[in-house]
Structures are given as C-alpha cells and as structure tokens.
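Colleague: Starting off with a structure, shown below.
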Amino acid sequence: MVVNNLRTIALERLLTLATPRELEVYIPSYHNIELSQLKNDIAFLMIGIESHSFPFSTARNSFLPRKGLSADGVTPEALESFSTPFMTCGNLVRKLSVLTETSSGRGAIYEGFVYGVKSFLRLYQNLVLTLEKTQNGGRFFQLARHLMKHVLFISKLCNLDQASLAKDTHLVVPKGMDLLL
C-alpha cells in the first residue's frame, strides 16, 4: 500500500511539472485486485485458462499480465515478476493440453504416452483448483510452486519449447533414460 501511495505521489508531482505528452511517457492506469481474486486468477493461470488479470495473447501465444495490475502494497512490476513463473506454467499446460488433444495414429506407445500426459494434466488441474479453494493465500502459493515443478518436468520430458512447437504438432516421446524416468 505504501509503495503504491509513494508511486502515485511521485507520478502526480511529475505531472504537475509537465503533461504526459510533453514527457513522451505513457503512464498506465492501475488496477488493484484483492488477494483472493489474485489467488483465483493465479489458479486459473496455472491450469491454462485466461482470466481477467491474465489474458491470453494470441499474437504472442502466451499469457500476459493485464497492464497496470497491482495488489495492495505491491507495484505492478513486482506483481508481474511474482506471476512470471505462473504464466510460464500456464503456457506449458496450455501447450500440453493442445498437443494431447490431437489424435495421430502414431502407434500404441505414442498413444499410451499421450494418455499418461492427459491423466497427469487432469489430476494436476483438479489439484490446483482444490488447493485454491481450501488453502489460504500464502500456503496456496507455496504449494502451487511445488506443483509447477511437476509441469516443468513433464514439459522437459516432452521436449516442449518454443522451437519444437513451431515445427511439430505432436509430443516427442522420450527415449532411453528419459523414458525410464
């Protein structure tokens, strides 16, 4: 709260000296949200669903924070930094979901692997939504970070990154030691 108040005072003082047009600076409007709403939006983000606070950009093919999004006592920059891992997780979950929805006819091993990833995603999404409803803010964010590690592991196992998605519309079935893991 104090940080936002100081920021607002600084911007007001700056605006008394010159107009935004003279400064050639864009000053975004701020949108304060409650902790409960932030927790709900982060949960949606983690399962790959856009929310009011974190819309999905089709141009960038990723989640982005709403411009000027802040919470009590937190600047928009700090909130964006805090939410970046959650946005990364949401992007990965969304990509995994899209890739597991396409039927390919690539064989039983591939279909079994895709079925396993689908099962993980269903369990993960249910767990995130259950935690969001049952845990307080701090505990939810702590447990959510542990859950995100599993999504990162599955996405690394599937070689899911920007480059592989541009070329192929199928999951990469791991081989060798990666498959045994």
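Colleague: Give, in nm to one decimal, the length gained when the segment between Lys156 and Arg106 is fully stretched (0.36 nm per residue of separation minus the Cα-Cα distance). Working shown, then result.
Modeller: Working: separation 50, 0.36 × 50 = 18.00 nm, distance 2.08 nm.
Additional length available on full extension: 15.9 nm.
Colleague: Would you grab the residues whose amide H sits under 5 Å from the one on His31? Only those 5+ places off in sequence or on another chain, please, with H modelled 1.01 Å from N.
Modeller: For His31, whose amide H was placed from the backbone, the distant partners under 5 Å are Leu69, Ser70.
Colleague: Taking all protein chains as present, what is the carbon and sulfur share of the accessible area of region 86-135, in % to the nearest whole number, probe 1.4 Å? Don't jump to the answer; show the numbers that get you there.
Modeller: Numbers: 1570 of 2630 Å².
About 60 percent, which is the carbon plus sulfur part of the accessible surface.
Colleague: What does the extension gain come out to for Thr75 and Leu127, with contour length at 0.36 nm per residue minus their alpha carbon separation? Numbers along the way, then the final one.
Modeller: Working: separation 52, 0.36 × 52 = 18.72 nm, distance 2.95 nm.
Gain on stretching Thr75 to Leu127: 15.8 nm.
Colleague: Return the sequence-ordered ³J(HN,Hα) values of region 116-127 in whole Hz as given by the Karplus equation 6.51 cos²θ - 1.76 cosθ + 1.60 applied to θ = phi - 60°, using x for Gly and Pro.
Modeller: x, 5, 4, 4, 4, 4, 4, 4, 4, 5, 5, 5
The values are calculated or read from the model by the stated rules, or taken from the named source; none is laboratory data. Model, not experiment: these values are computed from the prediction. These accessible areas exclude ligands, DNA and RNA; they are computed on the full protein's heavy atoms, side chains included. Shrake-Rupley method; radii C 1.70, N 1.55, O 1.52, S 1.80 Å.
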